[in-house]
Amino acid sequence: MTTDEWRTRFPKRSIHLDFHTSPDIPGVGAGFDADAFARTFVDAHVDSVTVFAKCHHGHLYYRTDRPERHPSLPAGLDLLGQQIEALHAARVRAPIYMSVQCDEYAANVHQDWVALSPSLGQVRFAHGGALEAAWQVLDMSSPYQEYLADQLREVLDRFAPVDGIFLDMCWDQPSLSRWAIAGMAGEGLDPASPAERGRYARLVAKRYMERFSRMVEPALLPGSPTGAWFNSRPKAEIALGRRDLRHIEVEALPTGGWGYSYLPYVARLVRGLGLPLVGMTGRFHRSWGDGASLKTAAALKYECCQMLMLGLASGVGDLLASSGVPNEAVYRRIGAVYEHIAACEPYLAGGKHVTEIALITDPAHGDSPPEGTVGALRALQQLRHQFDVVPPVADLSPYALVIVPEGTPVDGLLADGLERYVEAGGALMISAAAASNGPGRDVLSRLGVEVGDAWPFDPVFLGLTQPGVLRLAPGPDVRAPGQSFRVQTGPSGEVLVELVLPWFQRTFAHFSGHSYTPPRGPSGYGAVVRQGSVIVLATPLLSAVATERNAEYVEVLGACIGRLLPCPLLRATGPAHLETAVVETRHGTTVHLLSFLPSRLGQDLDLVLDPFPLVKIEVSLRAEAAPSRVVLQPDGEVLDFTHDGRYASVCVSVSGGHGVLVFEN
C-alpha cells in the first residue's frame, strides 16, 4: 500500500463526530490525548472520522488568530490539527466539518445577518421563538457569506491537502433581510411573493455551493474519493440533475425524525447515479445532541446492515464530549457492529444491485415521498421484489415491470415513455389516480383501459367474498379508502378484483353505522383490472398500504405482480418484515437477508430491541446455471442446495439478524 492509498479509498465505516460546544462550557479539549483518540477509532474498525473546524455555535477548534476561536480551548491546543495528525498517523481519513447557516457567534455579533421571516422575526432552527433555545439561522445573501468564505479559506490553507469538507445546514432559506430584498430586486424578483422568495433562496444556495466547491477542489488530496458535501439538501434534487459531486451522503437517523422508511426510499433513488454513497445514522437513542444516551445494539446493527444491503457505506454519528475524549462504551457498541460489517464487505466488493422493477416517483415531493410511493415501497419489500426508485425521466427499458403509484402524475412526457415501454414488451402497474389527468387517461385508453370519473363514495370495497381470478382465499369485502375511479377494459381484458360500492355515501344527513355505510354489491366495474401487460388500480391501494396496512392490500398487490412477473428474481419465505437485496459480485450472486423488527415502544418512537431469528426459511434465486456452492457469510457455513433448471434454492437459518447468502459462480 502506498503512502496515501488508504486516503484515496472510499470510506466504508465512518464516524461523524459532532462537537457543537457552547462557549459557556469550560475546559474544552482538556482531556484530549492524540494517540488514545486515534486508537479508539482503529479498535472500532473505523476508517474515516469527520472532525470539526467550526460548530453551530460559530466557534473554531484549530490554531487561528480569528476571534471566533472557542474561548475555552487552551491557547496552546490545536485540537483539529492534532486530531487530523493522529488519525492520519493511524491511517484513518479525517474530512473536516464546518457549519454554514447556523452560527451563533456571527448571529450575535451581526444581528443584521440573521434571516428574517415575513413577520420580520428572526428565523430559528427548528422553529424556535425569540425566547426559546434554538439556533439562529444566517442569511447567505448577507455579508455573512463572505465571512464564512474567509473561514473556509483559512481552513483549506491550514490543512490542505484535505480529505473532504462537510458543509452542514445548507437548505434554501427565504429571507426578508435588507440584503435579501436588495438581492431579489437585482434579480427582478418580487419580495412580496412567497414563490419568488423561495426562488431567490434556491439561487443564493446554488451560487454559494458553486463558489465553495471551486474553493475546496484545489485543496483536496489528489485522488480523494470525497470532496465538498453540502448537507441538509433534498436527495431528489440530485436525482433530477446530478451536481458536480464526488460522493453522496444520506443522513437518516430513524429515531431522529427520518423514520425507518426514509433510507430505503432515498438510497434507491440515488444509487443509480453512479456515485459512491455513505449513510449516516446516529448512536443516540433519539437524535443529534442526545449525547447522554445510547442506541440499542440491535438497532445500530440493523441500521448499519440496512445501509450495507442498500449499497451504502456505513456511517454513525457521535457527540464528542467537550473534554475531547471519546466514550469507551459508545465505541465498544459501534465496534461490534462495524466488525460484522467489515466481515461482510469482502463478499460484496464491487457489487451491483440486480433489480427488475422500477417504482416511479415524482421528485417534486423531495425527500418526503407521497403515500402511494411509501406504500409501494413497503409492499415491494414485504413481497421480496428487487426494485429501484426512479424519476419519471428515467430509462425504463432495463426493467421487467414499472409501477406508477398515486402521487406520481402522468404528464405528457411520462405518458409517451410508458406507451413506448409497454409496446416494447414491458409490464405496467399503474394507479388510476396517477393517470386521471388528460395525458394519463389518453395513454391508458390507447393501451386498452378506460379511466372515467371518480366515484362519489369513500370508502369503496375490494370484492373478496368469492374467490376471483387471482385465486385469493375468500374473505369479507375489504374497505378501500380514498378516491376511486370508474375503470373498464376492452373485451379482451379482465377484472382481477371486483369493485363493490356502499349502499350510499355516509353523511350527517344520510347516516349509517359507526364509520361507513356497508357494502352493497358488485358495481360492474373493477377495483383492479388487467389488459394484456397492463394492470390498473382503480382504488388508491398503494396509499392504503402506507396508511392502514391491511394484510389483504399486500396480498392483492402480490397476486397482481405475480400475474405480470411470474418468475421473480428472488423468492423467500419467512416473516413479513424480512428485507432482501440481490447483488452481483465477483464471487457470484449474493442475497442479503435482514431480519429486525422496529416496534412502536415509545411516543412517536420506533425501537429495535433484538434481532429476529430466521429459522429454516426457503430462499430461491433465479439462476439458469447451478451455483458451484452456496455459503452463508460471514459465518462461512456451506449450505445444501437444489437447482431445478430455473431456481437455486436453499434452506437457511440466521440468528444474528443479518446474513449474506453467496451463490458462488
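Numbers at a glance
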| read-out | value |
| --- | --- |
| Rounded if a/c under 1.5, otherwise prolate or oblate - the stretch 175-258, Cα gyration tensor axes | oblate |
| The chain, helix-only ellipticity at 222 nm - DSSP H runs n ≥ 4, -39,500 (n - 2.57), divided by all residues, nearest 500 | -8000 deg cm²/dmol |
| Contour minus Cα-Cα distance for GLU624 and ASN665 (0.36 nm per residue) | 13.6 nm |
| Cα-based helix-to-principal-axis angle, 297-310 vs the chain, degrees rounded to 10 | 70 degrees |
| Burial order of peptide ranges 329-341, 557-569 (average beta-carbon count within 10 Å, highest first) | 329-341, 557-569 |
| Calculated FRET efficiency for the pair GLU548/VAL469, C-beta based, R₀ 30 Å, to 0.05 | 0.75 |
| Calculated on alpha-carbon atoms, Rg and Dmax of the stretch 355-564 in Å | 16.3, 53 |
| Qualifying GluC sites (Glu not before Pro) for the stretch 594-647 [loop in DSSP, other Cβ within 10 Å: at most 16] | GLU624 |
| Extension gain, SER232 back to ALA329 (0.36 nm per residue minus Cα-Cα distance, nm) | 32.0 nm |
| Degrees between helix 371-382 axis and first principal axis of the chain (Cα, 0 to 90, nearest 10) | 80 degrees |
| The stretch 144-236: GluC sites (Glu not before Pro) in DSSP loop, at most 14 other beta carbons within 10 Å | GLU187 |
| Whole-Å distance, taken between Cα centres, linking the stretch 305-332 and the stretch 196-247 | 25 Å |
| CYS102, CYS344 arranged by Cβ crowding within 10 Å, fewest neighbours leading | CYS344, CYS102 |
| Hypothetical label at LEU565: residues of the stretch 489-518 whose amide nitrogen lies under 20 Å (7 Å Cα-Cβ projection) | 496-497 |
| Antiparallel bridge percentage (DSSP; both residues within the chain; nearest 5) | 60 percent |
| Helix 551-564 axis, angle to the chain major axis (alpha carbon atoms, nearest 10°) | 80 degrees |
| Under 15 Å from LYS295, Cα to Cα: aspartates and glutamates that are on another chain or at least 8 residues apart | GLU303, ASP318, GLU328, ASP606, ASP610 |
| When each of LYS235/LYS301; LYS206/LYS235; LYS12/LYS54 is checked by Cα-Cα distance, pairs over 22 Å | LYS235/LYS301; LYS12/LYS54 |
| Qualifying GluC sites (Glu not before Pro) for the stretch 64-142 [loop in DSSP, other Cβ within 10 Å: at most 16] | GLU132 |
| Nearby aspartates and glutamates by direct alpha-carbon distance to LYS352 (threshold 16 angstrom, same-chain neighbours under 8 apart not counted) | ASP388, GLU584, GLU664 |
| Which of ASP139, ASP43, ASP78 has the fewest Cβ neighbours within 10 Å, and the rest in rising order | ASP43, ASP78, ASP139 |
| ASP172, ASP112, ASP477 arranged by Cβ crowding within 10 Å, fewest neighbours leading | ASP112, ASP172, ASP477 |
| Gained length - LEU605 relative to SER512, 0.36 nm times residue gap less alpha-carbon distance | 29.9 nm |
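None of the figures in this text is laboratory data; all of them are computed from the coordinates on show. Keep in mind that this is a model prediction, so the values were computed, not measured. Backbone-built Cβ (ideal geometry, glycine too); neighbour counts: all protein chains shown.
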